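Laboratory data are not the source of any read-out in this text; all were calculated from the coordinates shown. Computed from a predicted structure; not experimentally measured. A quick note on method: Cβ atoms are made from the backbone with ideal geometry, for glycine too, and the neighbour counts reach across all protein chains shown.
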Amino acid sequence: MNEPAVRRCILVPIDPHGMHPFVLETIVRIASQLDRNLLGLLLEDIRLLKIADLPFTTEISLNSGQERNLLRDHLLQHQSLNSAEIRRRLVDLAARNRVELSFENAAGERWTTVMERDGKQDIFLPARKRWHAQPTDHARKTNIVGRLGVVLANDVTDTRILSIAAALSKANLVGDIYILAKHPPPQETLHDLYRPGHQIRLQANFSCIAEELVKLIKHSPYDLLLLPGQSLQGITSSVLDAALDQASGQVLVIN
């Protein structure tokens, strides 16, 4: 007898910077539509903890007489509370959308940590939570991705990326679609993406090289950007982490 197929998983690294509630709902709805499990990777930010270990402010315990770093304690408490709130929201959303959800703990920077894994999972990287960042009017009213960017690398991952974009379009989870590719995809593929009332735009001659991809991630005009994982292999982890720190939109890496 054949063994049942293993359902693919979307990995979501969650660090102390937090995530907007509408982003959490977006990734759960995407996972539900694509029939994916979700794995929340709860990260300790080593960079923050190293800063917290600097001897700026300390207190001495009356009970033990030991000196304690106040900044480190504050950051650890903040990380714990933030992770607990995101976990609670994800558990609730996953239950309502019937998405299988699990969690693991890890320490490190987002991209560096996920790249240490087996590489077979797709990876959802939320934009940094900023006080001035707000969902677009379109996303606020319909709770979907207003502008979907789709990067094609002219390799075997193109078919899968386009099928994901088509599935999200068919489920009314995305608005306008922007395709960036070296060569235009087949006409029938564009037809599969089309939905009345929404636009499909094509940027041909897009060079899927490291420099262009880093620039695109940093200055992405899209609410969600689909990227082929293979095209990121030549970019160092530190450069990608820095680009993702600056990104204003969400990124879904397809492996």
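Ordering Val156, Val253 from the fewest to the most neighbouring beta carbons within 10 Å gives Val156, Val253. In region 127-255, taking the dipole from charged Cβ atoms about the Cα centre, the farthest positive-side position among Leu173, Ser237, Val151 is held by Leu173.
Applying 0.36 nm per residue to the separation of Ser102 and Glu85 and subtracting their alpha-carbon distance, the gain on full extension is 4.6 nm.
Rg over Rh for region 127-255 works out to 0.95, using Cα positions for both radii and the Kirkwood form for Rh. Computed over neighbours whose Cβ is under 13 Å from that of Asp35, the net charge equals +3, Lys and Arg +1, Asp and Glu -1.
Sorted by packing (mean other beta-carbon atoms within 10 Å per residue), highest first, where do 234-241, 171-178 land?
Highest to lowest by the protection proxy: 171-178, 234-241.
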